[in-house]
Amino acid sequence: MKKHYVIRKAAIKDLSDVLRLNYDLFKKERREFDKSLDMRWTYGKKGREYFRNRIAKKDSLVEVAEYDGKIVGYLSGGLSKRLNYRKKAKCAELENMMVEKKHRSRGLGAKLVRDFVDWCGKNKIDCISLTAFAGNKRAIKFYRNMGFKDYTLALEMGLKKR
C-alpha cells in the first residue's frame with residue numbers, strides 16, 4: 001500500500017501531536033535563535049490552553065499534515081488582537097508552523113500556508129502577519145516565496161541581569 005500525505009483541520013484528539021511538534025519547534029528555535037524561550041510553555045497550562053482554544057474556536061485555524069496516518073506537521077493561526085493604528089482592519093496572524101525535518105520540501109508547508117490564506121479570505125480578513133527569527137533565513141525565504149512582504153522590523157536588545 002502506498003503511503004501518502006493528508007492535510008486536514010485539527011481536532012481535539014490531535015492536541016498531543018500538535019504539542020509534540022510545537023515542543024520540537026521550540027527546541028529547534030531555542031538551539032538556533034533564542035536561548036530565552038520557555039521550554040515549559042508548550043506543555044504548561046498556557047500552552048495547552050492556547051492550542052486547545054485554537055483548535056476548538058471558530059476565530060482560528062489549526063491544520064495538521066499526516067503521513068500514513070502519523071501527524072508530521074501543523075499550522076496554527078487566527079484572528080489577531082494586535083493594535084493597528086493605520087486603519088480599521090480585521091487582521092490574522094500565522095502564529096506557529098512546523099513540519100518534521102524529514103518531511104520538509106514536499107509542499108506540506110506551502111499547502112498549510114495556502115489553506116490559512118484561504119481561511120482568512122473566507123473570514124474577510126484584511127491582513128495576515130507572522131513573525132520569524134531574523135536569523136531563520138530558510139523560513140524567511142519560504143514566507144517571502146509564499147507572498148509575504150517585509151512590513152515592519154522589530155528590534156530587541158537583551159540586557160544582562162545585574
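Observations on the structure shown:
- Residue match in the range 37-49 (condition: part of a helix (DSSP H, G or I), in contact with a Phe, Trp or Tyr (Cβ under 9 Å, 6 or more places away or on another chain) and modelled with pLDDT of 95 or more): yes
- If you filter the range 1-33 down to residues that are exposed (fewer than 11 other Cβ atoms within 10 Å of the Cβ) and among the basic types (K, R), you find that the one that is nearest to K46 (Cα to Cα) is K13.
- Of the residues making up the range 136-155, none is in contact (Cβ under 8 Å) with a residue 60 or more places away in the chain, more than 15 Å from the chain's Cα centre (by Cα) and surrounded by fewer than 16 Cβ atoms within 10 Å (Cβ to Cβ).
The values are calculated or read from the model by the stated rules, or taken from the named source; none is laboratory data. Not measured: the values here are computed from a predicted model. Glycine also receives a Cβ, built like all others from the backbone with ideal geometry; neighbour counts cover every protein chain displayed.
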